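**Q** My structure is below; once you've seen it, I'll send some questions.
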Amino acid sequence: MKRFSRAWRGAYIGARKGNLARLPTRVPSPATQANIVAECERCRRAAAALDNARSEHDAETLGRIYDQAVDAFDASVFELYGITDEERRPAISVARTCSK
C-alpha cells in the first residue's frame, strides 16, 4: 500500500486517487455483489447485537454469531478475488491479531 499512498502523521495513510485506480479491483456480478452486501449487513447487525448484550452468556453467544458473520463475509470477498485456502490463512491470522 505504501507504493500507492503517502504517510501522514499519526500513522494515517493518504491514498492518491490516481494510484488507487491502478489497483486490481474486481467488479462483482450483481448476484455476487448482493451476496457481499448481505453478508456485510449481517456483520453490522451482529455487531450491534453484541454491543447490546445484556449478560456474559449473551455476549459469548452473540460473539460466536458475529465471528460466523465475519467469516462468511471474508469468504465472499476471498471467493471474489479467487484467493485459495492456503492464501487465506495468513490474511485471517493477521486480521485476528490486529483486531485484539
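The values are calculated or read from the model by the stated rules, or taken from the named source; none is laboratory data. Treat the numbers as computed from the prediction; the structure is a model and nothing was measured. We place every Cβ from the backbone using ideal geometry, glycine too, and count neighbours over all the protein chains shown.
**Q** Show the residue pairs meeting these rules: Cβ distance below 6 Å; 6+ apart or different chains; first residue within the stretch 23-51 and within 21 Å of Leu62 (Cα to Cα); second residue in a helix (DSSP H, G or I) and of a type in the set (A, V, I, L, M).
**A** Every condition considered, the pairs that remain are Glu39/Ala72; Arg42/Ala69; Cys43/Ala69; Cys43/Val70; Ala46/Ile65; Ala46/Ala69; Ala49/Leu62; Leu50/Leu62.
**Q** Of everything in the stretch 23-70, what is among the β-branched types (Val, Ile, Thr), under 26 Å from Gly82 (Cβ atoms) and more than 14 Å from the chain's Cα centre (by Cα)? Give them in sequence order.
**A** Correct list: Thr25, Val27, Thr32.
**Q** Let me ask something else. Can you list the helices (runs of 4 or more DSSP H) lying wholly within the stretch 7-100 that have 3 or more residues being surrounded by fewer than 10 Cβ atoms within 10 Å (Cβ to Cβ) and at pLDDT below 95?
**A** 85-99
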